[in-house]
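Reviewing the structure listed below.
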2 protein chains.
Amino acid sequence: MKNRIITISREFGSGGRTIGKETAAKLSIPCYDEELIEKIAEKSGLAREYVRERGEYAPTTGWIGNALAERDYSGHSLRDELWNAQRSVILELAEKEPCVIVGRCADYILKDAADCLTVFIHASMKKRAERIVQVYGEREETPEKRLTDKDKRRRAYYQLYTDMIWGEAKNYQLALDSGILGIDRCVKIIAEQF
Amino acid sequence: MKNRIITISREFGSGGRTIGKETAAKLSIPCYDEELIEKIAEKSGLAREYVRERGEYAPTTGWIGNALAERDYSGHSLRDELWNAQRSVILELAEKEPCVIVGRCADYILKDAADCLTVFIHASMKKRAERIVQVYGEREETPEKRLTDKDKRRRAYYQLYTDMIWGEAKNYQLALDSGILGIDRCVKIIAEQF
């Protein structure tokens, strides 16, 4: 019998990570988010910062060109290496026990390999801007600029590796607006479907 | 104080209409679906069949060309007339009392006019194909062909009148896969957020 896994895709600043952690705590199962970066870095030999940044985000400019330029003569690139490590860490975790996995295209990676509850968490620009200032503090760029940039790069990454459209309702069993529903309600809805 | 309204957008064959009716029954509030067609026909003087078909679906071919060709010298078209009647009926209903409204771009029409819980119901092609054969019976065309056609026309209609992308998770507070979650769970989740 396959383990039941909750995958949480989320917009930056939507509180998806907090929702993942609280859902896991409520269900007494592990939640993989930062721990995932650790494991992927270990498996691939790549630096943690590289894994954190490039395992979910396309680079800032010339992404497709970049991706091709980064490949060596065998057509292989560091980014593909990272994707393979990410994929195998996620598959191993899902094999071991029921858990929550935040981000990193886990929904796509586990598609045919596990019994998944696939969740997408989003919120309005206004709510997310408030949240990132509250959680990560002020930066030189406006919160709106930071969000637009992150959204764009996460979407590009997702589409390149999964061939699915990021944020399309049909890709998820549950898509929730955390800005309207609030963190607690989202946790309750998700946990009840487990 | 504005009334609280549940708007249900749905893919054809996803059971969204049934979910709307059952949610309304559970909350003891009215559900407008067929009744909406009746009211819009009355208000506009247009035939019920025209309202049913053209109030949610783009025509089968040459939709944009058609829409322009249908306009008279003042730039006005029957379809715009229908849209205006639809809009004013929905606004009036929302003004009156809390209710569930199924389809007809109610989410967009009520955007700034009411306190809405906006819901999108979807399901896989396979589940929807099973459902439409069960509910509406066999037709000459395969269920998959019927679904693809309906999806395409509903999406085109929605985008022309609302300037939003149909089925994008961000447009809805709740987006639910009725094929996986089942009708009863969807009703429960929606009713609990009311």
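Okay, here's what the table says:
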read-out: B:TYR57 being modelled with pLDDT under 85 and open to solvent by 80 Å² or more (accessible area, probe 1.4 Å); value: no
read-out: Selected residue [within 27 Å of B:SER77 (Cα to Cα) and either within 13 Å of chain A (Cβ to nearest Cβ) or open to solvent by less than 80 Å² (accessible area, probe 1.4 Å) (or both)] from B:ALA94, B:ALA123; value: B:ALA94
read-out: Test set (1) closer than 21 Å to B:GLU53 by Cβ; (2) open to solvent by less than 20 Å² (accessible area, probe 1.4 Å) - B:THR148 fails condition number; value: (2)
read-out: Qualifying positions in region B:169-184 - more than 7 Å from chain A (Cβ to nearest Cβ) and charged (D, E, K, R); value: B:ASP184
read-out: Boolean, A:GLU192 is over 14 Å from the mean Cα position of the chain (by Cα) and more than 14 Å from every other protein chain (Cβ to nearest Cβ); value: no
read-out: Criterion violated by B:VAL133 - all others in (1) crowded, with 17+ Cβ neighbours inside 10 Å; (2) more than 22 Å from B:ARG54 (Cβ to Cβ); (3) more than 9 Å from chain A (Cβ to nearest Cβ); (4) among the β-branched types (Val, Ile, Thr) satisfied; value: (1)
read-out: Answer from B:ARG128, B:ARG104 - the residue that is of a type in the set (Lys, Arg) and either away from chain A (no Cβ under 14 Å) or open to solvent by 10 Å² or more (accessible area, probe 1.4 Å) (or both); value: B:ARG104
read-out: Given (1) within 19 Å of B:ILE165 (Cβ to Cβ); (2) in contact with a strand residue (DSSP E or B) (Cβ under 7 Å, 6 or more places away or on another chain); (3) without any contact (Cβ under 8 Å) to a residue 40 or more places away in the chain, number of the condition A:ILE189 does not satisfy; value: (1)
read-out: Meets criteria (of a type in the set (Lys, Arg), at pLDDT 90 or above and assigned to a helix (DSSP H, G or I)) for B:ARG104; value: no
read-out: Odd one out for A:SER88, checked against (1) of a type outside the set (A, V, I, L, M, F, W, C); (2) away from every other protein chain (no Cβ under 14 Å); (3) part of a helix (DSSP H, G or I); (4) buried (at least 21 other Cβ atoms within 10 Å of the Cβ); value: (4)
read-out: Test: residue in region B:4-16 that is modelled with pLDDT of 95 or more and part of a helix (DSSP H, G or I); value: yes
read-out: B:ALA114 vs. criteria under 28 Å from A:THR118 (Cα atoms), more than 15 Å from the chain's Cα centre (by Cα) and crowded, with 20+ Cβ neighbours inside 10 Å; value: no
read-out: Subset of region A:160-176 [within 25 Å of A:GLU130 (Cα to Cα), open to solvent by less than 20 Å² (accessible area, probe 1.4 Å) and outside any helix (DSSP H, G or I)]; value: A:TRP166, A:GLY167, A:LEU174, A:ALA175, A:LEU176
read-out: Every residue from region A:136-145 that is modelled with pLDDT under 90 and open to solvent by less than 80 Å² (accessible area, probe 1.4 Å); value: A:GLY137
read-out: B:TYR157, sole failed condition from (1) more than 14 Å from every other protein chain (Cβ to nearest Cβ); (2) crowded, with 19+ Cβ neighbours inside 10 Å; (3) not in a helix (DSSP H, G or I); value: (3)
read-out: Residues (away from chain A (no Cβ under 14 Å) and over 14 Å from the mean Cα position of the chain (by Cα)) located in region B:137-151; value: B:GLY137, B:GLU138, B:ARG139, B:GLU140, B:GLU141, B:THR142, B:PRO143, B:GLU144, B:LYS145, B:ARG146, B:ASP149
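The values are calculated or read from the model by the stated rules, or taken from the named source; none is laboratory data. Being a predicted model, the structure only gives us computed values, none of them experimental. For neighbour counting, all protein chains shown are included, and Cβ atoms are generated from backbone atoms with ideal geometry for every residue, glycine included. Quick note on the areas: whole protein, heavy atoms, side chains included, nothing else; ligands and nucleic acids left out. Shrake-Rupley method; radii C 1.70, N 1.55, O 1.52, S 1.80 Å.
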